[in-house]
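Scroll down for the structure; my scribbles are underneath it.
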Amino acid sequence: MSTFWRWRNHAQGNQQPARGRSRDVEKHPQGQGHKAGHSAKKKVRVLFVCLGNACRSPIAEAIARREARDIIEPCSAGLIPLGRIPELTMEVLLQNGYSAQGLESKPIQQDVWDSADLVINLSGRFKENTWSNHRKVEDWQVADPYGGTPTTYQRILVEIEGNVRKLAARLRQEQLKKSAKSAGS
């Protein structure tokens with residue numbers, strides 16, 4: 001199974017590639033088909049990680065799906081997964097126009113970690129103290145809204161939304177620089 005399929009199926013909670021699809025043409029979550037390895041723009045596989053994969057990382061995944069679908073292929077997981085997404089997480093996403101479809105609380109799987117280009121650490125633990133291999137990890141210090149009020153969840157969503165937008169802008173800029181550099185070579 002290709003890395004893309006493992007990544008996509010993990011993000012959707014599936015174990016096997018969809019039957020009846022060609023292995024060289026993969027359907028992206030946004031619905032655009034493309035030849036494997038022949039994309040004009042390479043999406044960056046971003047794994048959002050928090051403690052329980054119940055609030056911060058699923059919120060970041062949902063935001064990235066909509067706000068950065070051109071540049072980020074998001075997935076989320078937890079260090080100690082709660083096993084469910086709290087109702088307030090779902091409500092704040094829906095109230096802000098984000099889809100909660102397919103979000104689930106799950107652990108970090110090795111193949112997903114390996115295929116991630118970037119890991120965003122929202123756990124509140126510093127990357128150096130959490131992972132031995134933390135070269136591709138970026139810390140975002142965002143408070144955990146779990147057990148908080150709807151106002152707290154909304155504040156955290158707005159903070160994560162800003163962070164995801166900044167990340168997407170940075171990744172787009174890096175991609176433009178790479179394109180310009182390769183065009184000049």
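The values are calculated or read from the model by the stated rules, or taken from the named source; none is laboratory data. Please read these numbers as outputs of a predicted model, since none were measured by experiment. Here the Cβ positions follow ideal geometry from the backbone for every residue, glycine too, while neighbour counts run over all protein chains shown.
The figures follow:
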{"quantity": "From the options VAL44, VAL49, residue that is touching an Asp or Glu at 6+ places or on another chain (Cβ under 6 Å), under 25 Å from GLU174 (Cα atoms) and touching a residue at least 60 places away in the same chain (Cβ under 8 Å)", "calculated": "VAL44"}
{"quantity": "Condition check for SER57: touching a strand residue (DSSP E or B) at 6+ places or on another chain (Cβ under 7 Å), at pLDDT 95 or above and part of a strand (DSSP E or B)", "calculated": "no"}
{"quantity": "Segment 117-134 - residue that is assigned to a helix (DSSP H, G or I) and of a type outside the set (Ser, Thr, Tyr) and, of those, farthest from GLU73 (Cα to Cα)", "calculated": "ASN129"}
{"quantity": "Output for segment 64-85, where each listed residue is surrounded by 19 or more Cβ atoms within 10 Å (Cβ to Cβ) and under 13 Å from the mean Cα position of the chain (by Cα)", "calculated": "ALA64, ARG65, ALA68, ILE71, ILE72, GLU73, PRO74, CYS75, SER76, ALA77, GLY78"}
{"quantity": "Hits in segment 147-174 (condition: surrounded by 16 or more Cβ atoms within 10 Å (Cβ to Cβ) and among the β-branched types (Val, Ile, Thr))", "calculated": "THR152, ILE156, ILE160, VAL164"}
{"quantity": "Some residue of segment 64-81 being out of contact with any Pro (no Cβ under 6 Å at 6 or more places or on another chain), basic (Lys, Arg) and at pLDDT below 95", "calculated": "no"}
{"quantity": "Filter result for ASP144 (in a loop (DSSP other than H, G, I, E, B) and surrounded by fewer than 19 Cβ atoms within 10 Å (Cβ to Cβ))", "calculated": "yes"}
{"quantity": "Candidate set from segment 35-54 (those that are among the aliphatic types (A, V, I, L, M) and part of a loop (DSSP other than H, G, I, E, B)); member that is modelled with the lowest pLDDT", "calculated": "ALA36"}
{"quantity": "Residue identified as over 18 Å from VAL164 (Cβ atoms) and either in contact with a strand residue (DSSP E or B) (Cβ under 8 Å, 6 or more places away or on another chain) or surrounded by fewer than 24 Cβ atoms within 10 Å (Cβ to Cβ) (or both) among LEU51, LEU93, LEU47", "calculated": "LEU51"}
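Yes or no, residue by residue, for (1) modelled with pLDDT of 95 or more; (2) more than 14 Å from the chain's Cα centre (by Cα); (3) not charged (D, E, K, R):
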position: GLU87; (1), (2), (3): yes, yes, no
position: ASN96; (1), (2), (3): yes, yes, yes
position: SER115; (1), (2), (3): yes, no, yes
position: VAL119; (1), (2), (3): yes, no, yes
position: PHE126; (1), (2), (3): no, yes, yes
position: THR130; (1), (2), (3): no, yes, yes
position: ASN133; (1), (2), (3): no, yes, yes
